[in-house]
1. Expressed in nm to one decimal, what extension gain is obtained for the pair residue 398 and residue 416 from 0.36 nm per residue of sequence separation less their Cα-Cα distance?
2. Compute from the Cα atoms of the chain the Rg and the Dmax, the latter being the longest Cα-Cα distance, and quote both in angstrom.
3. Which one of 390, 212, 331 has the biggest mean-square fluctuation once the chain is modelled by GNM with Cα springs under 10 Å?
4. I'd like the per residue volume of the convex hull spanned by the Cα atoms of the range 3-213, given in cubic angstrom.
5. Return the single residue from 142, 166, 16 with maximal mean-square fluctuation; model: Gaussian network over the chain, springs between Cα atoms under 10 Å.
6. Relative contact order for the chain: what is it in percent, counting Cα pairs under 8 Å that are at least 6 residues apart?
7. Compute the length gained on full extension between residue 281 and residue 18: take 0.36 nm times their separation in residues and subtract their Cα-Cα distance, giving the result in nm to one decimal.
8. Among 184, 394, 295, rank each residue by its count of other Cβ atoms within 10 Å, from fewest to most, as a rough exposure measure.
Ligand SMILES: [Fe+2]
């Protein structure tokens, strides 16, 4: 531990001069990884239909040690595709099942866990010290640390750990930001580090100054090209889709043992319980780490069939927030016109804090929760309470009244497209 995290009192850690129960504070979902069986079809779905942009596409054989390269080259879909919806290098990571299984064995040194198709669930913390001290904290609590160091592409310092059922979670600091020119950092600047760093480390600004002085072409990084015509007017801008994904999350996980999962996410990761909603004999637990009603839902696995979720995965849903109510309604038509299954017969109460929502399904069957607004919870933890379900899309009005927290919470920075 560094000086900054010297334990001040029982269960108290100094995080930037603030005493907390843990040496880090998760502030939001930063990125998310899906493992796909129908890989190329999935990449097309997330890019062409949903509008994620590719910031990097890498053949994993390229950087693999020479001894395993022939083995990797036998895999058909062996690219890692990194996508973004905002200025961060990646907010979604897609890999094929074969690459996932190989990565589990080689990088994470464990066997792939059945039905886990989330290759990472990644939470932002506020500093590098929090990542490093967090790693020590997890290890001291007997939580398995899978990898700690610095990721490339993306440049973020990270620590991967295993949740109570084997899912890889990650805390990270400092992911690369992509600016107006849409270019990722040039690959010549990649420096993968596979151990926790000594502190302090140089700033990114210093790294880029040094690279420029050494003659590196800072404009050599990848820039994605839009392939669809800009024919949809979205609130004053011509775009290629009639909507924009402005935020990722919440994540819904199907869990075998909700109590153990709660211990991991609440007690070790620091999530705060917002509420519990009964569904039949079971209950779903909703947790948050910021002002949104929830960023995580723990859904008992026995609800998978009852809710009509895909049997291949223990991901219940992955939330995608759209810019506004009109965009959500237009997105539903856009997706249906392209043959995507969109369900609006959702079990009442499964998405507390959200009024209008639908489920769309990717080619593998992963459920994407599309919505535009989520209740915000303030300092005293009070929630708005249950309200009548929105019903099928055909009954939705053209306009909805603006609630006191409409458009509040995490904001989208920069142009929509
Ligand atoms: Fe990551």
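1. 4.2 nm
2. Values for the chain (Cα only, Rg and Dmax): 21.2, 64 Å.
3. 212
4. 139 Å³
5. Per the Cα network of the chain with a 10 Å cutoff, 142 tops the list.
6. Numbers: 824 pairs, mean separation 57.4, N = 417.
Averaging sequence separation for qualifying contacts and normalising by length gives 14 percent for the chain.
7. Length gained, residue 281 through residue 18: 90.5 nm.
8. Values: 184 23, 394 6, 295 26.
Going from sparsest to densest Cβ surroundings: 394, 184, 295.
Since every read-out is calculated from the coordinates, none of them should be taken as a lab result. What you see is a predicted model; the values in this text were computed from it and never measured. Reconstructed Cβ throughout: ideal geometry from the backbone, glycine too, with neighbour counts over all protein chains shown.
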